[in-house]
Amino acid sequence: MTADFLHNARTLLNKELFHIAKTPITVSTLLSVLAVVVATFWVSRALRRAVERVLTWKGERPANIGTVTSLLHYSVLVTGFGVALSTAGIDLTALFAAGAIFAVGLGFAMQSIAQNFVAGIILLAERSIKPGDLLEVEGKLVKVLEMGIRSSIAQTRDGEDLIIPNATLIQTTVKNFTLKDACHRVRATVGVAYGSDMAAVKETLTTVAHEVSKNWAVKDREPQVILLDFGNSSVVWEVAIWMTDPWLSRAAMSELREAIWRALQANKIVIAFPQLDIHLDDQVVSALGRQSGSGSARAAEC
């Protein structure tokens with residue numbers, strides 16, 4: 001009886017149901033494929049849970065965790081379905097060849113999307129840019145809110161939400177103010193008249209720099225006052241102070257400029273403005289005088 005049962009079970013499992021590309025598909029083949037598919041989903045679920053726990057423990061943002069787990073899920077699915085097709089006896093060589101041709105065509109058609117996708121993976125792997133970082137992108141200071149596979153979302157100081165393609169963050173020079181630390185230097189320039197006492201100017205600006213720096217104090221970072229240039233109409237000085245929050249750099253520069261203005265006014269130091277001196281030769285002055293005299297005579301005759 002046991003022998004008959006085994007014989008019948010073996011016969012049932014070896015029963016051909018249909019053919020795929022001249023490959024017979026039996027009941028045992030279908031059961032094997034089903035087992036591989038179920039195992040694939042189970043492995044994907046287990047791996048995603050493990051990775052999610054690890055990334056959550058490390059303090060990663062939910063958006064980054066979702067991106068990583070999604071990539072892992074699709075990678076396991078592709079591998080598992082490949083194993084399932086191979087188990088079914090289907091030759092994957094032709095499928096891979098067709099897939100390669102399709103991938104090349106799709107790559108040309110979706111080159112920009114592919115670049116952004118690869119750039120997103122690189123950013124997630126390198127972690128040179130993270131949510132919360134302050135960046136200067138295309139001349140704008142932005143705060144990174146979320147990072148996705150195709151693009152990243154950032155916000156400007158004016159409250160504008162920007163969708164930045166990841167390829168832009170990879171292929172162009174991006175200034176990251178918070179990569180290692182948030183220390184940032186702001187500068188204000190001022191031009192004083194050439195007749196000013198430059199020693200008094202430097203002393204005044206140095207006092208202002210130290211006073212303003214107390215509100216934006218950074219340890220071991222002293223303010224700096226330098227003579228920047230001899231301009232056409234003024235002697236240009238630069239005052240630089242350090243701060244720990246680049247997001248507030250405009251407020252710091254405004255406070256610094258206001259303090260410079262008040263200090264120079266209090267010390268009667270002239271803030272120069274553009275002016276042009278015209279020097280005329282004696283012959284030109286004489287000619288203008290003669291023209292002015294002849295014009296007055298004609299007016300008297302009239």
**OP:** For a quick protection proxy, order the peptides 70-79, 162-171 by their average other-Cβ count within 10 Å, most packed first.
**Re:** 162-171, 70-79
**OP:** Given the peptides 262-275, 243-256, arrange them by the average over their residues of other C-beta atoms within 10 Å, most packed first.
**Re:** 243-256, 262-275
Original post:
Which links in Lys58/Lys180; Lys180/Lys202; Lys143/Lys219; Lys175/Lys202; Lys58/Lys214; Lys130/Lys219 stretch past 27 Å when you go from one Cα to the other?
Top reply: Lys180/Lys202; Lys175/Lys202; Lys58/Lys214
Original post:
How much net charge surrounds Ile226 when only other residues with a Cβ under 15 Å from its Cβ are counted (Lys, Arg +1; Asp, Glu -1)?
Top reply: -1
Original post:
When the accessible area of the range 158-302 is split by element with a 1.4 Å probe, what percent falls to carbon and sulfur?
Top reply: 52
**OP:** Keeping all protein chains in place, calculate the accessible area per residue for the range 148-227 (probe 1.4 angstrom), answer in Å².
**Re:** 59
**OP:** For an R0 of 25 angstrom, estimate the FRET efficiency from the Cβ-Cβ distance between Val118 and Lys180 and round to the nearest 0.05.
**Re:** 0.45
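The values are calculated or read from the model by the stated rules, or taken from the named source; none is laboratory data. Just so it is clear, the structure is predicted and the values come from calculations on it, not from any experiment. Quick reminder, even Gly has a Cβ in these numbers, built from the backbone with ideal geometry, and neighbours come from all protein chains shown. Side chains included, ligands, DNA and RNA excluded: accessible areas come from the protein's heavy atoms. Shrake-Rupley method; radii C 1.70, N 1.55, O 1.52, S 1.80 Å.
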